[in-house]
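Worksheet: one structure, shown below.
What follows is calculated from the coordinates using simple rules that are stated; it is not laboratory data. Nothing here was measured: the structure is a model prediction, and the numbers come from that model. FYI the Cβ positions are ideal-geometry reconstructions off the backbone, even for glycines, and counts take in every protein chain you see.
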Amino acid sequence: MPYFVYLILSKFKNKKRSSYVGYTGDLKKRLDLHNSGKGAKFTRGKKWKLVYYEKYDSKSEAMKNEYKLKKNYKLRNKLIKK
């Protein structure tokens, strides 16, 4: 079963933005959960847009790369600007 590491973005009226990184086995279902208010607590109440994802063959590989992306804000900003 493939796993995905994803980066979602939410923009606010005052031009600030918020990003969130996660991993999942079903990308569409997970994004729908975030947008319906049933995703991670941080993502509730905001409208999210998928800006980046990467596919992995194993859960452990996806989790390892999710952790790296969560901690690396420079890389996150680079991916958002693509």
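Worth pointing out:
- Dipole in debye (nearest 20) - segment 3-81, about Cα centre, beta carbon charges: Lys, Arg +1; Asp, Glu -1: 640 debye
- The DSSP beta bridges internal to the chain are antiparallel in roughly 100% of cases.
- 22 Å Cα-Cα reach of LYS47 towards lysines, excluding residues that sit fewer than 8 places from it in its own chain: LYS11, LYS13, LYS15, LYS16, LYS28, LYS29, LYS38, LYS70, LYS78, LYS81, LYS82
- Near LYS28: Cβ cut-off under 15 Å, other residues only, Lys/Arg at +1 and Asp/Glu at -1. The net charge is +3.
- Backbone N under 15 Å from the LYS13 label point (7 Å along Cα→Cβ), restricted to segment 25-49: 46-47
- Percentage of interatomic Cα-Cα distances in the chain larger than 19 Å: 35 percent
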